[in-house]
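Visitor: The structure follows.
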Amino acid sequence: MTCEGLARSNGQLAWQVHFRQKPDKPNELKSYQSGIHGASYSVSLKGRAWISAESYQIVRMEMDLVAPAPQIQLLAEHTAIEYRPVKFRESDVNLWLPLSAEVYFAWRGQQVHRRHSFDHYMRIGFSRSGWR
């Protein structure tokens with residue numbers, strides 16, 4: 001990882017950190033599996049994280065493949081995730097959770113883009129009386 005200095009993410013100051021999977025280290029972050037009992041293929045990632053200069057929480061992360069994975073016909077993949085604090089009504093708990101996630105990939109000759117929004121989080125917890 002390398003800190004690239006202060007930047008802005010959604011109007012707030014954030015430390016911009018570059019990361020890249022080392023080629024001499026085992027990849028345990030991401031892999032693809034072909035079917036239930038099929039072979040598993042690890043892919044290395046690189047990207048950037050924007051960490052709030054005020055709270056030190058991750059506010060944004062972007063990741064790409066270090067190299068294509070021709071054995072599964074995956075030529076490219078890009079993921080961008082925005083994080084925000086989520087306050088739960090039932091308590092004074094604030095958690096930093098994904099607000100949105102976008103994924104682009106080129107796989108088996110097709111290019112796909114998916115966007116997901118997260119805005120109806122529910123807190124489920126365990127108390128002495130059981131799950132609530």
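The values are calculated or read from the model by the stated rules, or taken from the named source; none is laboratory data. Just so you know, these numbers come straight off a predicted model, no measurement behind them. Every residue, glycine among them, receives a Cβ derived from its backbone with ideal geometry; neighbour counts consider all protein chains shown.
Visitor: Can you name the number of the only condition in (1) within 24 Å of TYR104 (Cα to Cα); (2) in contact with a Phe, Trp or Tyr (Cβ under 9 Å, 6 or more places away or on another chain) that SER44 fails?
Guide: All conditions are met except number (2).
Visitor: Another question, if that's okay. Counting only residues that are within 17 Å of the chain's Cα centre (by Cα) and under 19 Å from HIS113 (Cα atoms), give me the strands (runs of 3 or more DSSP E) lying completely in the stretch 1-81 with at least 1 of them. Steps first, please.
Guide: Values: elements: 2-9, 12-20, 31-33, 40-42, 45-52, 58-65.
Answer list for the stretch 1-81: 31-33, 45-52, 58-65.
Visitor: For the stretch 20-38, does any single residue satisfy the condition of being modelled with pLDDT under 95, crowded, with 18+ Cβ neighbours inside 10 Å and under 16 Å from TRP107 (Cβ atoms)?
Guide: no
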